[in-house]
Amino acid sequence: MKLLHRLAATLATATLLQFSVTPLARAVNFGKVEVPQERFVAIATPFGVGTRRYNLLIIEQISNQRRCWQEVGNNPTQINPLFETFDFSGICGRSTDSNGYSVRLNDQDLGSRLILSVVPRGDELVLVASSLRERNVQVEIGRTNGFAEGYLKIELDPGWRFTKRTYGGKVLGHVYLTSDGGNANVPPPSPPNSGESLPPADREIIFTPSNDNNRPQPTPTEDRRPLPPPLPPLNQDSNPQNSPRQLPPPPPRERIDAQNQQNPTPSPSVANERKIPTFE
């Protein structure tokens, strides 16, 4: 029963978010602006233990106060991450995931369709834009031109460049990997199946439970757990060892005879008691 209530609450919340957020997301149209290329660098950042894997990191030199990175060598070019040695707030821009960068191809924001990843191919690392749903969509954007330990610079392929996202005439922090030519041909998205389609760029993906009647529904007894046995009454404990211990009855009050009041040695049981005369 608790599971059904929780599922109903989740469905109501998701429906409310879908009606309140989706119209705003569909109305957003982002633009781009050209930027100096020397103030940006794409870096293959290693992570993991054992099997070495890499993330994409884009650094922007916002201010000339301090250098954000240093390049060493060629083929591949190693990156000395200077931004890790000081507080780079307001000096260096740092984009670490799809919230900070995406692909823009032929003036179309493909952030909701393509994801960026760094994969090993041969003796180098390649920056690839691929689709999780369309296996035939995979675009190479840049490469390290070799392999070495540490942070490696990703050289963008010809026709690719850095741009920044704009909205309403304002430049945002989001970085585009942009191409406007025919060097990267991405096929149009495949027709949706069963009314499902990819959301537009920068739209929040909201998952709602499916109403598929063909899916087998669990019987009510599958989610029910047996109730524990009832506790025994407090005054009918079957185990005598667990029953509360009874206090012994109080000792009987001894009668004090008036003739014994003159006895200089009273008994210990009545030594501290008040002597009360008796009447016969």
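The values are calculated or read from the model by the stated rules, or taken from the named source; none is laboratory data. Not measured: the values here are computed from a predicted model. So basically every Cβ, Gly included, is an ideal-geometry build from the backbone, and we count neighbours across all protein chains shown.
Observations on the model:
- Condition met for Q61 (in contact with a helix residue (DSSP H, G or I) (Cβ under 8 Å, 6 or more places away or on another chain), of a type outside the set (A, V, I, L, M, F, W, C) and surrounded by 15 or more Cβ atoms within 10 Å (Cβ to Cβ)): yes
- Within the range 146-172, the set of residues being part of a strand (DSSP E or B), surrounded by 14 or more Cβ atoms within 10 Å (Cβ to Cβ) and not hydrophobic (A, V, I, L, M, F, W, C) comprises K153, E155, R161, T163, K164, R165, T166.
- Conditions (1) closer than 25 Å to P76 by Cα; (2) at pLDDT 95 or above; number of the one not met by Q138: (2)
- Residue match in the range 109-123 (condition: among the basic types (K, R), in contact with an Asp or Glu (Cβ under 8 Å, 6 or more places away or on another chain) and under 24 Å from V72 (Cβ atoms)): no
- F47 vs. criteria surrounded by fewer than 16 Cβ atoms within 10 Å (Cβ to Cβ) and touching a strand residue (DSSP E or B) at 6+ places or on another chain (Cβ under 7 Å): yes
- Answer from R104, R94 - the residue that is closer than 15 Å to I43 by Cβ, in contact with a strand residue (DSSP E or B) (Cβ under 7 Å, 6 or more places away or on another chain) and basic (K, R): R94
- L116 modelled with pLDDT of 95 or more, crowded, with 19+ Cβ neighbours inside 10 Å and in contact with a strand residue (DSSP E or B) (Cβ under 6 Å, 6 or more places away or on another chain): yes
- Qualifying residue in the range 100-108 (condition: over 17 Å from V139 (Cα atoms) and not basic (K, R)): yes
- Residue identified as out of contact with any Phe, Trp or Tyr (no Cβ under 8 Å at 6 or more places or on another chain) and among the aromatic types (F, W, Y) among F147, F162: F147
- Against the conditions (1) in contact (Cβ under 8 Å) with a residue 12 or more places away in the chain; (2) outside any loop (DSSP other than H, G, I, E, B), E84 satisfies every one except (1).
- The set of residues from the range 150-171 being touching a residue at least 12 places away in the same chain (Cβ under 8 Å) and out of contact with any Leu (no Cβ under 9 Å at 6 or more places or on another chain) comprises G150, K153, E155, P158, G159, Y167, V171.
- Yes/no for S112 being under 25 Å from G173 (Cβ atoms), in contact (Cβ under 8 Å) with a residue 24 or more places away in the chain and part of a strand (DSSP E or B): no
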